[in-house]
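Asker: Here it is, the structure in full.
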Amino acid sequence: MQNPVTVEVTRGSLVESRHRGLGVVVDGEGKTLFSFGDAEAGVFPRSSCKAMQALPLIESGAADAYGFGAKELAFSCASHSGEDAHVAMAASMLAKAGKSVDDMECGAHWASEQASLIHQARTIEYPTALHNNCSGKHSGFVCTCVHSGTQLKGYVDYDHPLQKEIRDVMGSLTGAVLAEDNCGIDGCSIPTYAVPLKGLAHGFAKMLTGTGLSNERAKASRRLMDACMAEPFYVAGTGRACTKLMELAPGKIFAKTGAEGVFVAALPDQGIAMAVKCEDGTTRAAEAMIFALIARYFEKGGETQEKLMAMANRTMNNWNGLTVGEVRVTDALFA
């Protein structure tokens, strides 16, 4: 099955680039409400599934033991920009478990937010794991292991008890069998598993609605999603798509991006979740797709829908401020 062209990028009056994609919207029961492309195709969720990976932090009792509130829980689901507040939050979470940056196994890189990057380059010799965009998730992993009395060293490995638990959680939510044959290594060194795109969306619909989940997991799931919606800066950062979406309609949109053109979202008022994948892995196309897909489920002609569509269809300016083209979604998202 060939996935449709979902996003076009123009220059002048011509289409310069085209992106193909797949996407699906489901409810808590797993009913498909809308789809385009091969929604059953296996995709690596990458960072889009961090809220699933953060469930053991709550279910183990670690979050409550260390007094974590909405900011810490949102940060445990984050792919952040490495801004000062993000770095400080990672250090704070680790300190509450009596640990430090030396206990993290995610690797180090500079901030992705330009002002923060320039500031870091001027003030520190090199970045640490605290600056890694996954340091929130890894801080949560460390805290979970310490509170549970689980061996900390090697917590990123496939056979580590924490990763086994996460594998069970994700398998239960997505309905996919997760094993070595559909496993890869993510950017932060933990296992990542290819799952059907529809299964990924259904997992978030279950987390949102509690359908088919134990009472404990349903509460933990909503607690994480509510925390992200309450503290969107700690999920991503200044100017980032996840943060902008959740700030646009507070409490009405949960959103999380992943590398290689994956994006998920859930809408509490509608009781639905969705997932998209840009076939060629381009972030600009994944963002345009999720903006437009979310817009389908808000009041037609309403302020929120109009703002979402303005984000989906945007002009491109060059460094002199001249308009040179646009990014626009196609009719495939409105069939």
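None of the figures in this text is laboratory data; all of them are computed from the coordinates on show. Since the structure is predicted, the reported quantities are computational estimates derived from the model, not experimental observations. Here the Cβ is made from the backbone with ideal geometry for all residues, glycine too, and neighbour counts use every protein chain on show.
Asker: Hey, which lysines would be in cross-link range of LYS277, C-alpha to C-alpha under 17 Å, not counting anything within fewer than 8 residues on its own chain?
Answerer: LYS50, LYS198, LYS256
Asker: When a/c is below 1.5 the answer is rounded, else prolate if a/b is larger than b/c, else oblate, so apply that to segment 84-158 with a ≥ b ≥ c taken from the square roots of the Cα gyration tensor eigenvalues.
Answerer: Verdict is prolate for segment 84-158.
Asker: Next question, about the same structure. Rounded to whole Å and sorted largest first, what semi-axes of the equivalent ellipsoid does the C-alpha gyration tensor of segment 33-104 yield via the square root of 5 times each eigenvalue?
Answerer: Equivalent ellipsoid of segment 33-104: 30, 15, 11 Å, largest first.
Asker: Pairs of alpha-carbon atoms within less than 8 angstrom and 6+ residues apart define the contacts here; what relative contact order does segment 5-333 have, in percent?
Answerer: 25 percent
Asker: Counting only residues 5 or more places away or on other chains, whose amide H sits under 5 Å from the amide H of THR192 once H atoms are built in the peptide plane?
Answerer: For THR192, whose amide H was placed from the backbone, the distant partners under 5 Å are GLY184, ILE185, ASP186.
Asker: Counting pairs of alpha carbon atoms under 8 Å apart in space and at least six apart in sequence, what relative contact order in percent does segment 74-142 give?
Answerer: 50 percent
Asker: How much length, in nm to one decimal, is gained on full extension between ARG328 and GLN270, taken as 0.36 nm per residue of separation minus their Cα-Cα distance?
Answerer: The ARG328-GLN270 span can extend by a further 18.3 nm.
Asker: Between the helical axis of 303-312 and the dominant principal axis of the chain, each derived from Cα atoms, what acute angle in degrees is found, rounded to the nearest 10?
Answerer: Value to nearest ten degrees: 90.
Asker: What do you get for trypsin sites (Lys or Arg not before Pro) in segment 226-313 restricted to DSSP loop and a cutoff of at most 14 other Cβ within 10 Å of the site's Cβ?
Answerer: Within segment 226-313, the qualifying trypsin sites (Lys or Arg not before Pro) (loop, at most 14 other Cβ atoms within 10 Å) are LYS300.
Asker: With θ taken as phi - 60° and the coefficients 6.51, -1.76 and 1.60, list the Karplus ³J(HN,Hα) couplings across segment 27-38 in order, rounded to whole Hz; mark glycine and proline as x.
Answerer: Whole-Hz 3J(HN,Hα) from phi for segment 27-38: 9, x, 7, x, 6, 6, 9, 6, 7, 8, x, 8.
Asker: Take the chain, mark every one of the GluC sites (Glu not before Pro) that falls in a DSSP loop and has at most 16 other Cβ within 10 Å, then report the longest stretch left between them, sites excluded.
Answerer: 126-298
Asker: Additional query: Could you tell me which of rounded, prolate or oblate describes segment 1-133, using a ≥ b ≥ c as the square roots of the eigenvalues of the alpha-carbon gyration tensor, with rounded for a/c under 1.5 and, failing that, prolate when a/b is larger than b/c and oblate otherwise?
Answerer: oblate
Asker: What angle, in degrees between 0 and 90 and rounded to the nearest 10, separates the Cα long axis of helix 283-295 from the longest principal axis of the Cα atoms of the chain?
Answerer: In the chain, helix 283-295 runs at an angle near 80 degrees to the longest axis.
Asker: Further question on the same structure: For helix 84-96, what angle does its Cα long axis make with the longest principal axis of the chain, in degrees from 0 to 90 and rounded to 10?
Answerer: The answer is roughly 30 degrees.
Asker: Taking the Cα centre of segment 282-335 as origin and charging only Cβ (+1 Lys, Arg; -1 Asp, Glu), how large is the dipole, in debye to the nearest 20?
Answerer: 80 debye
Asker: Same structure, new question: Restricting to DSSP loop positions (anything but H, G, I, E, B) with no more than 14 other Cβ atoms inside 10 Å of their own Cβ, which chymotrypsin sites (Phe, Trp or Tyr not before Pro) remain in segment 34-83?
Answerer: Listed in order of number, the matching sites amount to none.
Asker: Using the beta-carbon distance between ARG18 and ALA65 and R0 = 41 Å, what value does 1/(1 + (r/R0)^6) give for FRET efficiency, to the nearest 0.05?
Answerer: Result of the calculation: an efficiency of 0.20.
Asker: Taking only C-alpha pairs under 8 Å that are 6+ residues apart, what is the relative contact order of segment 187-335 in percent?
Answerer: Reported relative contact order: 15 percent.
Asker: Right, next: Given points 7 Å out from each Cα along the Cα-Cβ axis, report the ALA335 to ASN318 separation in nanometres with one decimal.
Answerer: 3.7 nm
Asker: Taking the Cα centre of the chain as the origin, how large is its charge dipole in debye, to the nearest 20, when only Lys and Arg (+1) and Asp and Glu (-1) carry charge on their Cβ atoms?
Answerer: That gives the chain a dipole magnitude of about 460 debye.
Asker: Using a Förster radius of 30 Å, what is the FRET efficiency between ALA108 and THR150 based on their Cβ-Cβ separation? Nearest 0.05, please.
Answerer: 0.80
Asker: Turning to a different aspect of this structure: Using DSSP to call loops (not H, G, I, E or B), can you name the trypsin sites (Lys or Arg not before Pro) in segment 39-140 whose Cβ has at most 11 other Cβ atoms within 10 angstrom?
Answerer: Taking segment 39-140 and a limit of 11 other Cβ atoms within 10 Å, no loop trypsin sites (Lys or Arg not before Pro) are found.
Asker: If you take the C-alpha gyration tensor of the chain, multiply each eigenvalue by 5 and take the square root, what semi-axes do you get, largest first, in whole Å?
Answerer: 31, 24, 18
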